[in-house]
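Novice: First the structure, then my questions, so here it is.
The values are calculated or read from the model by the stated rules, or taken from the named source; none is laboratory data. Treat the numbers as computed from the prediction; the structure is a model and nothing was measured. When we count neighbours, we look across all protein chains shown, and the Cβ atoms used for this are built from the backbone with ideal geometry, even at glycine.
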Amino acid sequence: MVLHLTRHFHGPARLLLSIIFLLSGVGKLGAVEATQKYMVAYGVPGYLLHPAAFFEIGSGIMLLLGWLTRHLSVVLAGWCMLTAFIFHKEFDDQNQMINFLKNTAMAGGFLVLADSGAPSMSLTAGPSHQGKAKLGWNIVALCSRL
């Protein structure tokens, strides 16, 4: 019974993980000057704000849709660890420690998602889905021919 229910967990899990990336990306664009100052204070050039924001928004959308989930999840696990070690390394501050642990926990979740892919409620799901992003790769192959 439980195993039957778990096959429906991937869509909601991707939704929950995508929210933080969508809100973070939009938030960066809504507070450009403040976010750039924050980035510069941690040694990250302010001009990387827009690429970071668009990466987060794009990744959030791809994650939500379940497009290329395995590959994207590996990249997002790396992103979470990178941002944890850059922005949340002041462990004397409890909020920083909590954010560091949040990022590492999300990275762990992404690694699990990279293993399982998006077998349900996604662009890559379907009757031919056998643990591979077949529809996603077909879309990429089709676009590359245009």
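Novice: Does segment 42-55 include one or more residues that are at pLDDT 95 or above and either among the hydroxyl-bearing types (Ser, Thr, Tyr) or in contact with a strand residue (DSSP E or B) (Cβ under 7 Å, 6 or more places away or on another chain) (or both)?
Specialist: yes
Novice: Please enumerate the residues belonging to segment 99-119 that are of a type in the set (D, E, K, R) and surrounded by 13 or more Cβ atoms within 10 Å (Cβ to Cβ).
Specialist: Result: Lys102, single match.
Novice: Kindly evaluate Thr69 against the criterion of being within 19 Å of Thr104 (Cα to Cα), of a type in the set (Ser, Thr, Tyr) and free of Cβ contacts under 8 Å to residues at least 24 places away in the same chain.
Specialist: It is false that Thr69 is within 19 Å of Thr104 (Cα to Cα), of a type in the set (Ser, Thr, Tyr) and free of Cβ contacts under 8 Å to residues at least 24 places away in the same chain.
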